[in-house]
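To start, the structure under review is shown below, and the notes come after it.
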Amino acid sequence: MFISTFLLGVLGGCMYPRESRPGNQVSYRESVNRLQLAVDQFQKDQGILPILNADESTPRFEKFRIDLDKLNKTGYIDEIPATAFEQGGSAYFLILDEETKPVVKVMELTTVQKVNDIQRAVDKYKSSHQGKLPVGQELYPGIYSIDLMAINSESLAWTSFYSGQTSDYLLDPRGQVYVDYALDIMQAVEKSGVTPKADTDLRSLLLEHSYFVPVKSLPYHWQNKQPVAVSQ
């Protein structure tokens with residue numbers, strides 16, 4: 001996959017998702033900061049983190065959801081943020097680095113819902129086509145774009161919450177659906193001015209520049225001067 005200088009210029013704005021940029025109605029900055037203080041104090045007082053139980057198979061960027069109801073009922077927050085799903089918002093609040101220095105992040109649910117919808121459509125196509133997958137172009141070794149027309153899902157195009165740019169859905173050899181964060185990662189690399197190490201999972205760069213986690217993603221490694229998705 002080739003990422004041109006022109007595309008990098010298009011993506012050269014703020015790395016924060018549109019929802020958290022100044023001037024937009026929905027801002028996660030205050031919510032994240034308030035919950036970080038509450039989580040830190042809860043852990044200091046109780047010796048544990050206020051998280052909901054998660055299965056071992058749950059992906060990292062979906063796993064440790066904050067128990068907002070517990071924080072609210074025990075007085076660590078005076079109300080659940082309006083941005084939270086629990087209050088009709090479009091995000092879950094998560095904890096990353098739970099064993100070292102717990103940090104509050106945001107899981108954006110619009111992407112989750114779209115990927116789940118595409119996954120159902122892919123599964124249906126696979127079932128009715130003798131196991132064949134609705135693959136498009138091979139974007140990375142063994143990883144393809146999805147033929148949205150074949151699964152009647154053209155209306156579910158995905159827009160990155162980091163850059164505001166439309167990007168591809170990805171399909172691995174097992175038929176598992178993800179979204180492609182390569183352009184967002186490339187932007188982060190350009191901003192950092194540092195050449196990544198070959199064996200580093202480049203999704204960490206997105207976490208450094210945003211409150212949001214790259215949900216429904218594959219790992220990315222630096223190969224031939226660009227981020228390349230790696231099948232798990």
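Projecting the Cα atoms of SER128, SER57, ASN116 onto the charge dipole of segment 48-135, computed from C-beta unit charges around the Cα centre, puts SER128 farthest toward the positive end. Between ARG174 and SER155, the simple spin-label model (points 7 angstrom out along Cα→Cβ) gives 3.1 nm. What you get for segment 26-101, charging only the Cβ of Lys and Arg (+1) and of Asp and Glu (-1), is a dipole of about 140 debye around the Cα centre. Normalising the average separation of contacting C-alpha pairs (under 8 angstrom, six or more residues apart) by the number of residues puts the relative contact order of the chain at 20 percent. Each of LEU139, GLY175, SER210 was placed along the dipole of segment 126-232 (beta-carbon charges, centred on the mean Cα), and the one lying farthest toward the positive end is GLY175.
Computed extension gain for GLN137 through LEU52, at 0.36 nm per residue and net of the alpha carbon distance, reaches 26.7 nm.
Full extension of the chain segment joining SER128 with ASP69 gains 17.0 nm, where the gain is 0.36 nm per residue of separation less the Cα-Cα distance. Taking 7 Å steps out from each Cα toward its Cβ at GLN165 and VAL194 produces label points 2.3 nm apart. The helix-based estimate of mean residue ellipticity at 222 nm for the chain, built from -39,500 (n - 2.57) per DSSP H run of four or more residues and divided by its residue count, is -9000 deg cm²/dmol to the nearest 500. Entry note, segment 110-229: relative contact order of 21 percent, from Cα contacts under 8 Å with a spacing of 6+ residues.
Sites listed here are trypsin sites (Lys or Arg not before Pro) in segment 90-157 whose DSSP assignment is loop and whose Cβ has at most 12 other Cβ atoms within 10 Å: LYS132. Among the DSSP helices (H) of the chain, none spans at least 30 angstrom by Cα along its long axis with an average Kyte-Doolittle hydropathy of 0.5 or more; this is a geometric and hydropathy rule only. Given +1 at the Cβ of Lys and Arg, -1 at the Cβ of Asp and Glu and no other charges, the dipole of segment 110-229 around its Cα centre is 220 debye to the nearest 20.
One chain, two ends: ASP201 and ASP40. Fully extended at 0.36 nm per residue, the span grows by 55.3 nm beyond their Cα-Cα distance.
For the pair segment 50-125 and segment 150-226, the centres of their Cα atoms are 19 angstrom apart.
Computed about the Cα centre, the dipole magnitude for the chain is approximately 260 debye when only Lys and Arg (+1) and Asp and Glu (-1) carry charge, each at its Cβ.
Rule-based calculations on the coordinates, nothing more; no lab input. Keep in mind that this is a model prediction, so the values were computed, not measured. Quick reminder, even Gly has a Cβ in these numbers, built from the backbone with ideal geometry, and neighbours come from all protein chains shown.
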